[in-house]
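Below is one structure; the comments refer to it alone.
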Amino acid sequence: MSRQPSASPVVYSDRFQTPAAVAEYEAQEYGAGSYASFIWDLQRPALEKIVADFRRARPGPVRLLDFACGTGRVISALEPLVDAAEGIDISENMVAVARKKCRAARLLVGDILSPPEILQKEYDLITSFRFLLNAEPELRRCILKKLRAVLRAPDGLLIVNVHGNSHSLRQPAIRWRRWRERTQKTGVMLNALSPAATRRLLHESGFQVVRQFGFGILPPTLHRTSLRGAAAAVDRFFAGENFWCDFSIDLMFVCRPC
Ligand SMILES: C[S@@+](CC[C@H](N)C(=O)[O-])C[C@H]1O[C@@H](n2cnc3c(N)ncnc32)[C@H](O)[C@@H]1O
């Protein structure tokens, strides 16, 4: 059943409801050669290694939940690495694309904050990519608390991604675009969260950050110029779990329940 988008102002849960929004996400945001695809190529091996190491260290089967799974980018990469994978999203149209990419994952459409309850009780691993940054502050908190309640304690893992760091070199361009947006009103989302604010939010929601990774140091604009090759080499060099991750554009936090 399709959710009816509410009237403006845009609510984040409505943003990816329409076929047009889904097509834009797949064809432009994650189109061939896009900046987001470049970042995912850097991020994917690190994420796969965390999941594979976690699986290897556990005695029993590993059950994964990918919250806000969207078109299935993350869950389709991780489903071969776990024993059971479940993806949940509020947009029927996003999940319809995910169904084409996934082989084994169980994909559900629904709102985890409203009855009927669609979540299982104890997931070993929860991932959530490109959700937190643009969700409204209250929604972020409610979702994180709900995810905390269904993550196995004390040894479960939450891997959460924030795709706009306010302490990165992209921030001057974001400020300029925010200023332009006041008159042009394109509806583009220009949010940013700092690593410290994210860690605080996670802590207040019952998680302790145990590892932090960063991807993409240079302004994305450089990737659209003739310096693209050099920019890619620099970003590759600085990607991962290192001192620079507090300044990377795209952040990935590995958390334990606390
Ligand atoms: C930017 S997309 C990210 C999709 C996917 N995680 C990825 O990284 O490609 C954000 C997703 O969050 C979903 N979403 C927004 N609000 C939600 C909510 N309240 N519950 C579940 N999913 C939600 C949207 O439908 C959309 O698919």
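Things worth noting here:
- Whole-Hz couplings from phi, Karplus 6.51/-1.76/1.60, listed for region 104-119; x for Gly and Pro: 10, 5, 8, 10, 10, 10, x, 10, 6, 9, 10, x, x, 5, 10, 8
- Taking each DSSP H run with n ≥ 4 as -39500 (n - 2.57) and averaging over every residue of the chain yields -11000 deg cm²/dmol at 222 nm.
- The value of relative contact order for the chain, using C-alpha pairs under 8 Å at least six residues apart, is 17 percent.
- In the elastic network of the chain, a GNM with C-alpha springs shorter than 10 Å, the most mobile of I39, I174, I88 is I174.
- Too-long pairs where the Cα-Cα distance tops 28 Å, listed order kept, from K145/K185; K49/K101; K100/K185: K145/K185; K100/K185
- Restricting region 48-115 to trypsin sites (Lys or Arg not before Pro) that sit in a DSSP loop and have at most 11 other Cβ atoms within 10 Å of their own Cβ leaves R103.
- Here the dipole of the chain is about 380 debye; that uses its Cα centre as origin and unit charges on the Cβ of Lys and Arg (positive) and Asp and Glu (negative).
- Using the alpha-carbon positions of the chain, Rg (one decimal) and Dmax (whole number) come out as 17.8, 57 Å.
- Counting only aspartates and glutamates at least 8 places from K121 when in the same chain, those with an alpha carbon closer than 17 Å to its own are D66, D83, E86, D111, D155.
All of the numbers you see were taken from the coordinates with simple rules; none came from a lab. Keep in mind that what you see is a predicted model, and the values were worked out from it rather than measured. Reconstructed Cβ throughout: ideal geometry from the backbone, glycine too, with neighbour counts over all protein chains shown.
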